[in-house]
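Accompanying notes for the structure given below.
The values are calculated or read from the model by the stated rules, or taken from the named source; none is laboratory data. Please read all numbers here as calculations on a predicted model, not as lab measurements. Don't worry about glycine lacking a Cβ; one is built from the backbone with ideal geometry, like all the others, and counts go over all protein chains shown. These area figures cover heavy atoms from the full protein model, side chains too; ligands, DNA and RNA do not enter into them. Shrake-Rupley method; radii C 1.70, N 1.55, O 1.52, S 1.80 Å.
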Amino acid sequence: MIDSRTVGITKYQAFCTILAAIGSFNFGWNIGSVNIPGDVLQNCVTGRKYYGPFPSCIDISSGTIWGVIVGCYALGALFGAVISNYFIDKRGYKFVLTWFALCNVAGALLLSLTTSVAQFIIGRIVVGIAAGAANNALSTYVSDMTTPRGRNVLGGGVQFACNLGIMLDNAIALGLAPAPRWRIL
């Protein structure tokens, strides 16, 4: 019998952590997704044009409203992290990760197809809820499935993926900030 206290990182643990890191990467990506294109979105610096039914910007006349929009992601993430504990206890990690990933897709669609401030706010809240729930589930999942010797390295890998998501999103946003490309972010 193998003692789990002496086993290092197994291939299975590394694979599961890489999959979990994708969710954490998404969390970081969504944190930074409105930073670079913010001026285009809120001030219509490129002028108000339409690309089919979609406007080039969302006319936000107040910096306070923009702050609310940006902050809605964090509020959604907080709510998602809190409610995910109930679902983790009742249904398990797979349920939370699957259903909140679908919630994330719905939020991403709302954001990319947005035509109004209200729709943008709702989209930010929905992706926030999904990301908060997933990040909470991922952290405890990685902690539960790793051996004591691999816990620090693999847990740190999930956090590293979050920071990588922020960095890559901001780097890619430099080229995708102008209308209508900001919708890809």
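Key figures
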| item | result |
| --- | --- |
| Zone residues, region 63-97, relative to LEU113, backbone N less than 16 Å from point 7 Å out along Cα-to-Cβ | none |
| Acute angle (nearest 10 degrees) that the helix 151-176 long axis makes with the longest principal axis of the chain, alpha-carbon atoms | 20 degrees |
| P(r) of region 106-185 over all Cα-Cα pairs, binned every 5 Å from zero, in whole percent | 3, 14, 16, 18, 18, 12, 9, 6, 3, 1 |
| Pairwise label distance in nanometres, PHE54 with ASN163, each label 7 Å out on the Cα-Cβ vector | 3.3 nm |
| Portion, in percent, of the accessible area of region 39-185 that falls on carbon or sulfur, probe 1.4 Å | 67 percent |
| Selected from GLY63, GLY52, GLY165 as most flexible by GNM, with the chain as the system and alpha-carbon contacts under 10 Å | GLY52 |
| Debye equation applied to the C-alpha atoms of region 73-143, log10 I(q)/I(0) at 0.12, 0.18, 0.19, 0.24 Å⁻¹ | -0.29, -0.60, -0.65, -0.92 |
| Radius of gyration, Dmax [region 37-185; alpha carbons; angstrom] | 17.5, 56 |
| Lone cysteines, the chain (no partner Cβ under 4.7 Å) | CYS16, CYS72, CYS103, CYS162 |
| Mean accessible surface per residue for region 67-177, computed with a 1.4 Å probe while every protein chain stays in place, in Å² | 49 Å² |
| By average C-beta atoms within 10 angstrom, highest first, the peptides 119-131, 144-156 | 119-131, 144-156 |
| Euclidean distance of C-alpha centroids, region 10-56 and region 132-153, integer Å | 24 Å |
| Between 0 and 90°, nearest 10: helix 117-145 axis offset from the chain longest Cα axis | 10 degrees |
